[in-house]
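Below is one structure, written out as structure tokens; the observations come after it.
The values are calculated or read from the model by the stated rules, or taken from the named source; none is laboratory data. Remember, it's a predicted structure, so these values are computed and weren't measured experimentally. Glycine also receives a Cβ, built like all others from the backbone with ideal geometry; neighbour counts cover every protein chain displayed. Just so you know, the surface numbers come from the protein's heavy atoms only, side chains and all, with ligands and any DNA or RNA stripped out. Shrake-Rupley method; radii C 1.70, N 1.55, O 1.52, S 1.80 Å.
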Amino acid sequence: MPKPGGRLRLVDVAERAGVSLATASRALAGRDGVSPAVADRVRQVSRELGYVANPYARTLAGGVSSTVGLVVHQVDDPYFSEIAGGVIQVADEQGLLVQICHSGRDPEHELRQLRHLIAQRVGIVVIAGSGYDDPRVQAEARRELAAYQNLGGRVAVIGRHPLGVDAVLPDNEAGGRALGEHLLALGHRRIAVAAATGGLTTVIDRLAGVAAALRRHGLTLDELPIVHTDFTRDGGRIAAERILREHPDTTAIVALNDSMAIGVLSTLRAHRVGVPEQVSVVGFNDVSVAADLAPGLTTVRLPMTDMGRMALDLALKPRSKRPRRRPTGHALVIRDSTGPVPG
């Protein structure tokens with residue numbers, strides 16, 4: 001155990017937790033090879049002892065390091081590529097490097113990535129992508145980030161997260177409402193939704209916007225078929241197949257992101273369903289390829305590159321007493337994938 005007045009060492013944590021020095025090191029670094037129960041015990045002991053003499057703490061104590069850790073849900077999604085571009089722009093202006101990690105929309109994997117980045121001594125962490133509606137899912141991540149910030153680390157997120165940190169908030173609910181209003185104004189009532197799996201705040205907020213538009217026309221979201229699949233192009237394909245098979249009278253499909261919308265368009269084309277002559281399709285985000293599709297995709301534009309810039313700008317500011325919020329705004333972009341209800 002540590003001597004009175006002496007500096008705490010990693011070996012002190014290991015002895016108190018009843019594990020080897022190597023196990024304690026792996027647990028605090030978030031590396032594989034340690035069971036969750038043992039890792040939790042080591043971290044708890046570390047907090048109880050006030051142990052901060054670890055690699056990332058020493059780096060942070062001397063100021064922000066030259067690396068930004070960026071966690072995205074999916075590296076090959078254009079939405080995250082454009083956000084990453086904005087983060088990289090600001091990082092380049094500030095002489096910083098960016099290390100990108102992929103969470104796969106898995107909160108446990110996201111937590112492992114956060115611990116890995118902190119262990120790698122990054123000075124800033126930016127999390128891009130949806131939060132999770134159940135705060136318990138991210139409770140451990142919230143504790144890790146609070147400890148990281150207390151040691152001098154800086155954090156910002158893009159999306160609605162229960163993490164208590166600075167956030168850039170995409171205009172998801174208002175954008176969903178704009179899409180719903182657009183389709184309803186064209187006369188569509190038999191509308192289906194291609195949505196991602198539940199629990200993501202982005203999905204919940206965009207659906208809430210669609211629901212608000214429906215209420216203004218005396219309709220409810222419960223009356224619409226909602227197909228939950230992956231938030232990807234393949235997920236859009238699968239959702240469209242189900243909609244065509246189970247709801248053949250559908251005249252419009254709302255895809256909750258552009259990747260899903262691209263998959264929906266692919267399936268409709270394969271089944272020789274005319275867009276928008278038979279079925280209208282809308283997406284969300286306005287990724288760079290949305291205008292080049294055939295037909296061009298009607299969608300909600302979010303300023304994705306600017307969102308990345310805003311997030312890193314927030315993280316570079318001195319920490320405030322209360323988390324800061326930066327809304328993004330949105331724009332409805334009408335292209336050739338939507339038209340009046342058939343007949």
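So what's Rg/Rh here for the range 66-150, counting alpha carbon atoms and using the Kirkwood radius for Rh?
Values: Rg = 12.7 Å, Rh = 13.2 Å.
With Rh from the inverse mean 1/r over Cα pairs, Rg/Rh is 0.96.
Could you work out which residue, out of VAL19, VAL227, VAL75, moves most in a Gaussian network model of the chain, that is, has the largest mean-square fluctuation with Cα springs under 10 Å?
Comparing VAL19, VAL227, VAL75 in the GNM, the peak value goes to VAL19.
Could you work out [θ]222 nm for the chain from helices alone, using -39500 (n - 2.57) per DSSP H run of at least four and dividing by all its residues? Round to the nearest 500 deg cm²/dmol. Walk me through the intermediate numbers first.
Values: 12 runs with 148 residues, N = 343.
About -13500 deg cm²/dmol.
Rounded to two decimals, what is Rg over Rh for the range 103-145 when you use alpha-carbon atoms and the Kirkwood radius? Intermediate results must be reported in sequence, preceding the final value.
Values: Rg = 10.2 Å, Rh = 10.8 Å.
Result: Rg/Rh = 0.94.
For the range 255-343, run through the trypsin sites (Lys or Arg not before Pro) and keep only the ones in DSSP coil with at most 10 other Cβ atoms within 10 Å of their Cβ.
Values: sites: ARG269, ARG272, ARG301, ARG309, ARG319, LYS321, ARG324, ARG325, ARG335; in loops: ARG272, ARG319, LYS321, ARG324, ARG335.
Sites meeting the loop and neighbour criteria: ARG272, LYS321.
Report the Stokes-Einstein translational diffusion coefficient (µm² s⁻¹, integer) for the range 166-220, Rh taken as the Kirkwood radius over Cα pairs, at 37 °C with viscosity 0.692 mPa s. Don't skip to the answer; put the middle values down first.
Values: Rh = 11.6 Å.
Reported coefficient: 282 µm²/s.
Relative to the first principal axis of the alpha-carbon coordinates of the chain, what is the inclination of helix 139-150, with its axis defined by its Cα atoms, in degrees from 0 to 90 and to the nearest 10?
Helix 139-150 and the main axis of the chain meet at about 60 degrees.
Counting only Cα, what are the radius of gyration and maximum Cα-Cα distance Dmax of the range 302-343, in Å?
17.8, 59
When only the heavy atoms of the protein chains count and the probe is 1.4 Å, how do SER130, SER320 rank by accessible area, highest first? Please report the intermediate quantities before stating the final value.
On the way: SER130 5, SER320 40 Å².
The residues order as SER320, SER130, largest area first.
Tell me, what is the 1.4 Å probe accessible area of ARG26, in Å² to the nearest 10?
Answer for ARG26: close to 80 Å² accessible.
Return the single residue from ARG154, ARG112, ARG16 with maximal mean-square fluctuation; model: Gaussian network over the chain, springs between Cα atoms under 10 Å.
Highest fluctuation among the options: ARG16.
Suppose each label sits 7 Å from its Cα in the direction of the beta carbon; what would the ALA208-VAL75 distance come out to in nanometres?
3.3
State the dimensionless ratio Rg/Rh of the range 183-279 (Rg: radius of gyration of Cα atoms; Rh: Kirkwood radius). Don't skip to the answer; put the middle values down first.
Working: Rg = 12.5 Å, Rh = 13.3 Å.
Ratio of gyration radius to Kirkwood radius for the range 183-279: 0.94.
May I ask for the Kirkwood hydrodynamic radius of the chain, worked out over all distinct Cα pairs and given in angstroms to one decimal? Show your work: numbers first, answer last.
Working: mean 1/r = 0.0465 Å⁻¹.
When all Cα pairs of the chain are included, the Kirkwood radius is 21.5 Å.
Carbon and sulfur atoms: what percent of the 1.4 Å accessible area of the chain do they account for? Present the calculation step by step, with values, prior to reporting the outcome.
Values: 7550 of 15150 Å².
Solvent-exposed carbon and sulfur of the chain make up 50 percent of the total.
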